[in-house]
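Working notes for the structure below.
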Amino acid sequence: MITPSEIQQPRTPSKLREFVVRLKESVEADEDERHCGILRMGVYKQFLDELVPLSCFAMQSYPDSYKIQPVIGNQGYDAVVFNELGEEIEHIEITAPRDGAEEAIDARLIVDRGYGRFHVGDPGEDFDALIPQVLDTCRKKSHKDYSDCALVVSIAPIPPFDAFVSRYEEQIEVLVSELEKIKFKAKRVFLLILPDKLI
């Protein structure tokens, strides 16, 4: 259902977001494809880790006259941005810190039995656990040269209940404060809290 050539087509920010939303809906409607997505098989890993956040970031960062071309591979960036004249203006590197081993266990359980493991805790504990993962990933990224890139750190914490929004905002402030202490070799650095909070 999803191919590298289809992913790598240049699109305007709005068309890229439409493509991502439409593809997610198609995959969710097909059990075999949905299971491949849950397990992050094939290009689904790039789709979920790079294309989904890229589409959200592009919508907030570039005019719709620009084109974004996702690039699959190990070239040190995940997308190229072109202006309305077709001139290359920058690269984008997406990083999505997560506990891959724990997520893989849950993914297999979801596919096998329809649900993952149960987690019990206080509101915000998931975000507290995410902060060290983000900082560890970003410290490693800080040793690489992304001087021609916009580096986008993408996270997807569980949205808070209304009564805990202030704690959630405080956690974001703590994370941003810690990220500001890291010296990146990047053109620009963003924190993207999916789907639409960009700092």
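Enter the Cα centre distance for the pair region 4-34 and region 37-61, rounded to the nearest angstrom.
Measuring centre to centre over Cα atoms gives 9 Å.
Under a point-charge model restricted to the Cβ atoms of Lys and Arg (+1) and Asp and Glu (-1), what is the dipole moment magnitude of region 4-198 relative to its Cα centre, in debye to the nearest 20?
Details: 24 positive and 36 negative charges, 104 e Å.
Using only the charged Cβ atoms, the result is roughly 500 debye.
Considering the chain as a Gaussian network with a 10 Å cut-off on Cα pairs, which listed residue, V152, V43, V52, attains the greatest mean-square fluctuation?
In the Gaussian network model the winner is V43.
Could you name the lysines in cross-link range of K24, using Cα to Cα under 18 Å and dropping any fewer than eight places away on the same chain?
Within the straight-line limit of under 18 Å, K24 reaches these lysines: K15, K45.
Read phi for every residue in region 179-189 and hand back ³J(HN,Hα) as whole Hz from Karplus 6.51 cos²θ - 1.76 cosθ + 1.60, θ = phi - 60°, with x for Gly and Pro.
5, 5, 7, 8, 8, 7, 9, 9, 5, 8, 10
Taking a cut-off of 14 Å between Cα atoms, list the aspartates and glutamates near K144, but don't count ones fewer than 8 places away on the same chain.
Answer for K144, where 14 Å is the Cα cut-off: E93, D136, listed by chain and number.
Let me check against my output: what whole-number percent is the relative contact order of region 4-198, with C-alpha pairs under 8 Å and at least 6 apart?
Details: 262 pairs, mean separation 40.2, N = 195.
Normalised by residue count, the contact order of region 4-198 is 21 percent.
Please state the shape class of the chain: rounded when a/c is under 1.5, otherwise prolate if a/b exceeds b/c and oblate if not, all from the C-alpha gyration tensor. Please list the in-between numbers first.
Details: a/c = 1.69, a/b = 1.12, b/c = 1.51.
Oblate shape, in that a/c is at least 1.5 and b/c is the bigger or equal ratio.
In nm, to one decimal, how far is the F118 label point from the E102 one, both placed 7 Å along Cα→Cβ?
1.8
Run the helix sum for the chain: -39,500 (n - 2.57) per DSSP H stretch of 4+ residues, divided by residue count, reported at 222 nm to the nearest 500 deg cm²/dmol. Walk me through the numbers on the way to the answer.
Values: 7 runs with 85 residues, N = 199.
Calculated mean residue ellipticity at 222 nm is -13500 deg cm²/dmol.
No lab work stands behind these numbers, since they all come straight from the coordinates. As the structure is a prediction and not an experimental result, all values here were calculated from the model. So basically every Cβ, Gly included, is an ideal-geometry build from the backbone, and we count neighbours across all protein chains shown.
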